[in-house]
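Notes to accompany the following structure.
The values are calculated or read from the model by the stated rules, or taken from the named source; none is laboratory data. Note that the structure is predicted; figures quoted are calculated from it, not measured. The accessibility values were calculated without ligands, DNA or RNA, using every heavy atom of the protein model including side chains. Shrake-Rupley method; radii C 1.70, N 1.55, O 1.52, S 1.80 Å.
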Amino acid sequence: MKSILASGLLALLVATPVATSALAQTPPTRDPAQIQAGTYAVDPGHTQVGWRVSHMGFSNYAGGFSDVSGTLELQPKNPAAAKLSVKIPVASVTTTSAKLTDELKGDQWLDAAKFPDMTFVSTKVTPAGKDHAKVTGDLTLHGVTKPVTLDVTLVGAGVNPLSKKYTVGFEATGTLKRSEFGVKTYVPLIGDELHLTIAGAFEKQD
(Lines give C-alpha, C1' and ligand atoms only; values in the text may rest on other atoms or scores of the structure.)
Protein backbone atom coordinates (compact mmCIF):
# COMPACT_ATOMS: atom_id res chain seq x y z
CA MET A 1 0.00 0.00 0.00
CA LYS A 2 2.80 2.42 0.88
CA SER A 3 4.47 1.67 -2.42
CA ILE A 4 1.27 2.48 -4.36
CA LEU A 5 0.79 5.75 -2.45
CA ALA A 6 4.41 6.73 -2.96
CA SER A 7 4.19 6.03 -6.69
CA GLY A 8 1.00 8.09 -6.98
CA LEU A 9 2.52 11.01 -5.08
CA LEU A 10 5.64 10.90 -7.24
CA ALA A 11 3.54 10.94 -10.43
CA LEU A 12 1.57 13.93 -9.13
CA LEU A 13 4.72 15.87 -8.28
CA VAL A 14 6.18 15.16 -11.71
CA ALA A 15 2.96 16.07 -13.58
CA THR A 16 2.22 19.29 -11.70
CA PRO A 17 5.14 21.33 -13.08
CA VAL A 18 4.22 20.17 -16.59
CA ALA A 19 0.60 21.31 -16.16
CA THR A 20 1.69 24.58 -14.59
CA SER A 21 4.12 25.17 -17.44
CA ALA A 22 1.39 24.55 -19.99
CA LEU A 23 -0.77 27.26 -18.43
CA ALA A 24 2.08 29.71 -17.90
CA GLN A 25 1.79 32.85 -19.95
CA THR A 26 2.81 36.44 -20.23
CA PRO A 27 0.10 38.49 -18.48
CA PRO A 28 -2.35 40.11 -20.95
CA THR A 29 -1.46 43.66 -21.83
CA ARG A 30 -3.73 46.68 -21.50
CA ASP A 31 -1.44 48.82 -23.63
CA PRO A 32 -3.15 49.35 -27.00
CA ALA A 33 0.22 50.00 -28.66
CA GLN A 34 1.25 46.39 -27.96
CA ILE A 35 -1.83 44.79 -29.53
CA GLN A 36 -1.32 42.96 -32.80
CA ALA A 37 -2.95 44.58 -35.82
CA GLY A 38 -5.16 42.48 -38.06
CA THR A 39 -8.53 40.85 -38.47
CA TYR A 40 -10.20 39.24 -35.47
CA ALA A 41 -13.27 37.02 -35.17
CA VAL A 42 -15.66 36.80 -32.25
CA ASP A 43 -14.98 33.95 -29.86
CA PRO A 44 -18.64 32.95 -29.32
CA GLY A 45 -17.90 30.72 -26.35
CA HIS A 46 -16.47 33.60 -24.35
CA THR A 47 -18.55 36.53 -25.58
CA GLN A 48 -21.67 37.58 -23.68
CA VAL A 49 -24.30 40.22 -24.37
CA GLY A 50 -26.23 41.18 -21.26
CA TRP A 51 -29.24 43.46 -20.98
CA ARG A 52 -31.10 45.06 -18.10
CA VAL A 53 -34.46 46.82 -17.88
CA SER A 54 -36.57 48.27 -15.07
CA HIS A 55 -39.36 45.92 -14.02
CA MET A 56 -42.25 48.10 -12.85
CA GLY A 57 -39.81 50.20 -10.85
CA PHE A 58 -39.34 47.39 -8.33
CA SER A 59 -36.24 45.71 -9.72
CA ASN A 60 -33.71 45.86 -12.52
CA TYR A 61 -34.38 42.67 -14.44
CA ALA A 62 -31.53 41.17 -16.46
CA GLY A 63 -31.09 38.66 -19.23
CA GLY A 64 -28.72 37.90 -22.07
CA PHE A 65 -27.98 36.79 -25.60
CA SER A 66 -25.42 34.24 -26.82
CA ASP A 67 -23.96 32.68 -29.99
CA VAL A 68 -22.55 36.03 -31.12
CA SER A 69 -20.58 36.16 -34.38
CA GLY A 70 -18.70 38.91 -36.15
CA THR A 71 -15.39 40.51 -37.01
CA LEU A 72 -13.12 43.24 -35.71
CA GLU A 73 -10.47 45.09 -37.69
CA LEU A 74 -7.77 46.52 -35.44
CA GLN A 75 -4.99 48.98 -36.24
CA PRO A 76 -3.42 49.93 -32.88
CA LYS A 77 -1.36 52.71 -34.48
CA ASN A 78 -4.58 54.21 -35.83
CA PRO A 79 -7.37 53.24 -33.38
CA ALA A 80 -9.90 55.47 -35.11
CA ALA A 81 -9.67 53.18 -38.15
CA ALA A 82 -11.00 50.17 -36.23
CA LYS A 83 -14.10 48.49 -37.64
CA LEU A 84 -16.57 46.24 -35.83
CA SER A 85 -19.43 44.14 -37.16
CA VAL A 86 -21.39 41.71 -35.00
CA LYS A 87 -24.52 39.60 -35.32
CA ILE A 88 -26.61 38.34 -32.40
CA PRO A 89 -29.32 35.67 -32.88
CA VAL A 90 -32.48 37.05 -31.27
CA ALA A 91 -33.70 33.53 -30.49
CA SER A 92 -30.71 33.13 -28.15
CA VAL A 93 -32.33 35.51 -25.64
CA THR A 94 -32.52 34.00 -22.17
CA THR A 95 -33.77 34.89 -18.68
CA THR A 96 -34.16 33.02 -15.41
CA SER A 97 -37.82 32.39 -16.32
CA ALA A 98 -38.53 29.87 -19.08
CA LYS A 99 -42.00 31.37 -19.59
CA LEU A 100 -40.65 34.89 -19.98
CA THR A 101 -37.87 33.72 -22.30
CA ASP A 102 -40.47 32.19 -24.63
CA GLU A 103 -42.58 35.35 -24.48
CA LEU A 104 -39.62 37.56 -25.41
CA LYS A 105 -39.05 35.48 -28.55
CA GLY A 106 -42.69 35.97 -29.58
CA ASP A 107 -44.29 38.62 -31.79
CA GLN A 108 -45.37 40.77 -28.84
CA TRP A 109 -41.73 41.43 -28.04
CA LEU A 110 -38.64 40.66 -30.15
CA ASP A 111 -40.41 38.51 -32.76
CA ALA A 112 -37.43 36.25 -33.39
CA ALA A 113 -39.22 34.41 -36.21
CA LYS A 114 -39.64 37.59 -38.28
CA PHE A 115 -36.49 39.39 -37.16
CA PRO A 116 -33.95 36.62 -36.42
CA ASP A 117 -30.86 38.78 -35.95
CA MET A 118 -29.75 41.89 -34.12
CA THR A 119 -26.70 43.51 -35.72
CA PHE A 120 -24.25 46.29 -34.93
CA VAL A 121 -21.94 47.79 -37.55
CA SER A 122 -19.56 50.52 -36.45
CA THR A 123 -19.45 53.82 -38.33
CA LYS A 124 -17.07 55.80 -36.13
CA VAL A 125 -14.47 55.06 -33.45
CA THR A 126 -13.37 57.91 -31.21
CA PRO A 127 -10.45 57.24 -28.82
CA ALA A 128 -11.25 58.50 -25.32
CA GLY A 129 -8.08 57.78 -23.36
CA LYS A 130 -5.33 55.18 -23.48
CA ASP A 131 -7.60 52.14 -23.23
CA HIS A 132 -11.05 53.62 -23.85
CA ALA A 133 -13.05 54.56 -26.93
CA LYS A 134 -16.55 55.54 -27.99
CA VAL A 135 -17.80 53.36 -30.81
CA THR A 136 -20.78 54.64 -32.75
CA GLY A 137 -22.59 52.34 -35.12
CA ASP A 138 -25.85 51.30 -36.72
CA LEU A 139 -27.84 48.95 -34.49
CA THR A 140 -30.57 46.96 -36.20
CA LEU A 141 -33.22 45.43 -33.94
CA HIS A 142 -36.78 44.35 -34.70
CA GLY A 143 -36.35 45.53 -38.29
CA VAL A 144 -35.37 49.08 -37.27
CA THR A 145 -31.90 50.60 -37.68
CA LYS A 146 -30.72 53.49 -35.51
CA PRO A 147 -27.36 54.89 -34.38
CA VAL A 148 -26.11 53.77 -30.96
CA THR A 149 -22.90 54.72 -29.18
CA LEU A 150 -21.05 52.23 -26.98
CA ASP A 151 -18.48 53.08 -24.33
CA VAL A 152 -15.69 50.55 -24.85
CA THR A 153 -12.85 49.59 -22.50
CA LEU A 154 -9.90 47.38 -23.36
CA VAL A 155 -9.77 44.44 -20.92
CA GLY A 156 -6.59 42.80 -22.17
CA ALA A 157 -4.75 41.20 -25.09
CA GLY A 158 -2.33 38.31 -25.42
CA VAL A 159 -2.00 34.62 -26.24
CA ASN A 160 -4.68 32.40 -24.72
CA PRO A 161 -2.68 29.68 -22.88
CA LEU A 162 -5.27 27.02 -23.69
CA SER A 163 -6.23 27.71 -27.30
CA LYS A 164 -2.82 29.25 -28.15
CA LYS A 165 -4.71 31.90 -30.13
CA TYR A 166 -3.88 35.58 -29.86
CA THR A 167 -6.95 37.10 -28.19
CA VAL A 168 -8.14 40.60 -27.37
CA GLY A 169 -11.04 41.39 -25.05
CA PHE A 170 -13.22 44.44 -24.53
CA GLU A 171 -16.12 45.47 -22.33
CA ALA A 172 -18.75 47.74 -23.85
CA THR A 173 -21.78 49.44 -22.34
CA GLY A 174 -24.61 51.38 -23.92
CA THR A 175 -28.26 52.35 -23.59
CA LEU A 176 -31.09 52.41 -26.10
CA LYS A 177 -34.84 53.02 -26.00
CA ARG A 178 -36.58 49.84 -27.09
CA SER A 179 -39.71 51.73 -28.15
CA GLU A 180 -37.64 53.47 -30.84
CA PHE A 181 -37.02 50.03 -32.31
CA GLY A 182 -40.70 49.10 -32.29
CA VAL A 183 -40.57 47.01 -29.10
CA LYS A 184 -43.22 48.93 -27.12
CA THR A 185 -44.92 46.20 -25.07
CA TYR A 186 -45.82 47.41 -21.54
CA VAL A 187 -43.96 50.73 -21.85
CA PRO A 188 -43.65 52.49 -19.40
CA LEU A 189 -44.68 49.76 -16.92
CA ILE A 190 -41.66 47.83 -18.10
CA GLY A 191 -38.81 50.30 -18.62
CA ASP A 192 -38.20 51.77 -22.04
CA GLU A 193 -34.45 52.11 -21.47
CA LEU A 194 -32.53 48.96 -22.26
CA HIS A 195 -29.04 48.87 -20.76
CA LEU A 196 -26.49 46.72 -22.60
CA THR A 197 -23.25 45.23 -21.30
CA ILE A 198 -21.07 43.34 -23.74
CA ALA A 199 -18.11 41.18 -22.74
CA GLY A 200 -16.42 40.60 -26.07
CA ALA A 201 -13.54 38.24 -26.84
CA PHE A 202 -11.95 38.23 -30.30
CA GLU A 203 -9.40 35.80 -31.75
CA LYS A 204 -6.84 36.89 -34.33
CA GLN A 205 -7.24 35.23 -37.72
CA ASP A 206 -4.17 33.93 -39.59
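Couple of notes before you dig in:
- Evaluated at q = 0.14, 0.15 Å⁻¹: base-10 log I(q)/I(0), Debye formula over Cα of the chain: -0.86, -0.94
- Mean accessible surface per residue for the chain, computed with a 1.4 Å probe while every protein chain stays in place, in Å²: 59
- Computed extension gain for T153 through K130, at 0.36 nm per residue and net of the alpha carbon distance, reaches 7.3 nm.
- Within the accessible area of the chain (1.4 Å probe), percent carbon and sulfur: 60
- Look at the alpha carbon pairs under 8 Å that are at least 6 residues apart: their mean separation over the length of region 39-204 gives a relative contact order of 25 percent.
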